[in-house]
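Written out below as structure tokens is the structure these notes cover.
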Amino acid sequence: MKKELSLRMSLAATALAVVLGGAAGFVHAKGPAWLSGPSIATLGSKASFSAGNLPPGAVVRVVVQEAAAASHQSDVLVAQDGTLSYEVNPSIEGEHSVTVLDASGQALATARLNVMR
């Protein structure tokens, strides 16, 4: 009888640990990568972008497509907290896109920037 009670208590404690561990994992789960910055910039001024929920310590590629002009790209090291900062200095007017790519070239996040005089 005592062994059976002990076994039941042990199973109940294990089940509780699994439920609490799962709940804790859910609360701290990362979401999708994000990229944010201004939606409008003035030609000749810099625009600062930040990104998060990226793989800590990874090298990602930031691609800036300037309107109909050629794109510019840079490899950037992600901080240990999964964030990065990137500055765009647009050289032409129009709609630009800023995209963060992983090592395989898959887009993780994209933001738009409309550059005006």
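The numbers here are math on the coordinates, done by the rules we state, and not lab data. Note that the coordinates shown come from a computational prediction; the quantities given were computed from them, not determined experimentally. We place every Cβ from the backbone using ideal geometry, glycine too, and count neighbours over all the protein chains shown.
Here are the numbers for this structure:
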| read-out | value |
| --- | --- |
| Projected label distance in nm at Val59 and Trp34, using a 7 Å step from Cα toward the beta-carbon | 2.8 nm |
| Values of log10 I(q)/I(0), in the order q = 0.15, 0.18, 0.21, 0.23 Å⁻¹, for segment 34-116 under a Debye, Cα-only, solvent-free model | -0.48, -0.68, -0.89, -1.04 |
| Gain on full stretching of the segment that runs from Ala79 to Thr42 - 0.36 nm per residue minus C-alpha separation | 10.4 nm |
| Equivalent ellipsoid dimensions for segment 53-99 as semi-axes, Å, which come from the Cα gyration tensor, largest first | 24, 9, 8 |
| Residue list for segment 33-70, given a label point 7 angstrom along the Cα-to-Cβ vector of Glu93 and an amide N cut-off under 16 Å | 40-45, 67-69 |
| Per-residue ³J(HN,Hα) for segment 47-52, Karplus 6.51 cos²θ - 1.76 cosθ + 1.60, θ = phi - 60°, Hz, x for Gly and Pro | 10, 9, 10, 9, 9, x |
| Amide H partners (placed H, <5 Å) of Leu108, local residues excluded | Val100, Leu101, Asp102 |
